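Remarks on the structure that follows.
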Amino acid sequence: MTHQSTQQRATEPSGLPVSFTLKDGRSCTIRETVEDDAAELCEMLPKMHAESPWLNYKPGEFDKTVEQEKQFIREHIKPSAMMLVALVGGKIVATGGVGSPEQIRLSHHAELGLAVLKDFWNVGIGRKMMELLIQWGRDRNLRKLYLRVYDGNDRAMRLYDALGFQHEARLRDDFQRDDGTYADTIIMSRFLI
Ligand SMILES: CC(C)(COP(=O)(O)OP(=O)(O)OC[C@H]1O[C@@H](n2cnc3c(N)ncnc32)[C@H](O)[C@@H]1OP(=O)(O)O)[C@@H](O)C(=O)NCCC(=O)NCCS
């Protein structure tokens with residue numbers, strides 16, 4: 001893969017970029033993540049991690065350099081993956097991603113995930129991002145999408161449930177809360193074909 005200043009596909013995945021009006025009237029654009037987003041992501045992600053107890057990184061744990069983040073983005077610009085950012089007022093306020101294993105025996109499914117800055121919860125960004133990630137799976141004729149959500153993250157589970165994801169499996173004590181207690185991981189999935 002070439003190292004251009006703005007690493008991008010020749011053609012954006014279908015339906016992207018998309019602009020739409022949020023429930024509070026502001027305008028939001030969702031587009032594919034590009035290498036040039038790395039510096040802003042390195043500033044924004046620690047804030048996001050500090051706002052929700054349900055993300056994998058503890059506050060202060062994310063320590064990627066801009067170069068490392070660029071590398072991470074480059075590695076995900078490929079047919080089997082897609083990373084998205086949502087922008088409001090020109091600032092990144094949410095990230096999302098989906099990816100399939102490269103092995104042919106596993107490539108009929110993909111795992112997805114997303115997170116939105118707290119100031120922008122509940123205005124429709126999560127739902128729109130999920131719809132785009134699901135569309136990516138449909139465009140690839142994937143059989144199944146799945147995600148991991150920690151038991152207790154009711155806000156996220158309600159969204160996934162509303163989008164047709166069903167509880168499929170439970171990994172017991174998979175996640176350690178900040179108080180030292182554990183939560184189960186729930187695998188939720190949706191069959192596309
Ligand atoms: C979970 C998360 C991604 C949802 O994103 P969001 O942008 O707030 O979601 P939306 O605004 O699209 O709302 C999703 C739905 O949940 C509903 N909802 C939100 N909060 C709710 C609440 N407290 N009670 C009931 N319903 C609620 C909304 O009404 C909306 O339903 P609708 O689309 O039918 O109107 C976001 O809250 C987040 O990033 N949380 C922290 C990180 C996280 O948990 N990520 C997911 C890890 S699995």
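Taking the alpha carbon gyration tensor of the chain, what are the square roots of 5 times its eigenvalues, largest first, to the nearest whole Å? Write down the numbers at each step before the final one.
Values: eigenvalues 112, 90, 67 Å².
Sorted largest first and rounded, they come to 24, 21, 18 Å.
Please turn the phi angles of the range 151-161 into ³J(HN,Hα) values with the Karplus equation 6.51 cos²θ - 1.76 cosθ + 1.60 (θ = phi - 60°), one per residue in order, whole Hz, x for glycine and proline.
4, x, 7, 5, 4, 5, 4, 4, 5, 5, 4
Taking K and R as +1 and D and E as -1, what net charge do the other residues with C-beta under 12 Å from the C-beta of Lys118 add up to?
0
Contact order normalised by length for the chain, with contacts defined as Cα pairs under 8 Å and 6 or more residues apart; what percent is it?
The normalised contact order for the chain reaches 16 percent.
Expected output is a single nm value to one decimal: the length gained when fully extending between Glu67 and Ser107, i.e. 0.36 nm times separation in residues minus the C-alpha distance. What is it?
Gain on extension, Glu67 to Ser107, equals 11.5 nm.
Suppose we keep just the DSSP beta bridges with both residues in the chain; what percent of those would be antiparallel, to 5?
Values: 37 of 40 bridges.
Roughly 90 percent of the DSSP beta bridges within the chain come out antiparallel.
How far, in nm, would the chain grow between Gln176 and Asn122 when pulled straight, counting 0.36 nm per residue and subtracting the alpha carbon separation?
Numbers: separation 54, 0.36 × 54 = 19.44 nm, distance 2.60 nm.
Contour length minus Cα-Cα distance gives 16.8 nm.
Under 20 °C and 1.002 mPa s, how fast does the range 93-193 diffuse according to Stokes-Einstein, given a Kirkwood radius computed over C-alpha pairs? Answer in µm²/s, whole number. If you can, show how the numbers build up before the last one.
On the way: Rh = 14.3 Å.
So the translational diffusion coefficient is about 149 µm²/s.
Please sort 94-107, 114-127 by packing, taking for each peptide the average over its residues of neighbouring beta carbons within 10 angstrom, highest first.
Output ranking for 94-107, 114-127: 114-127, 94-107.
Only four residue types carry charge here, +1 at the Cβ of Lys and Arg and -1 at the Cβ of Asp and Glu. Report the dipole size of the range 18-143 about the Cα centre in Debye, rounded to the nearest 20.
Computed about the Cα centre, the dipole is about 540 debye.
Values in this text are rule-based calculations from the coordinates and carry no lab data. Note that the structure is a prediction, hence the values are computed from the model and not measured. Positions of Cβ are generated from backbone atoms using ideal geometry, with glycine treated the same way; all protein chains shown enter the neighbour counts.
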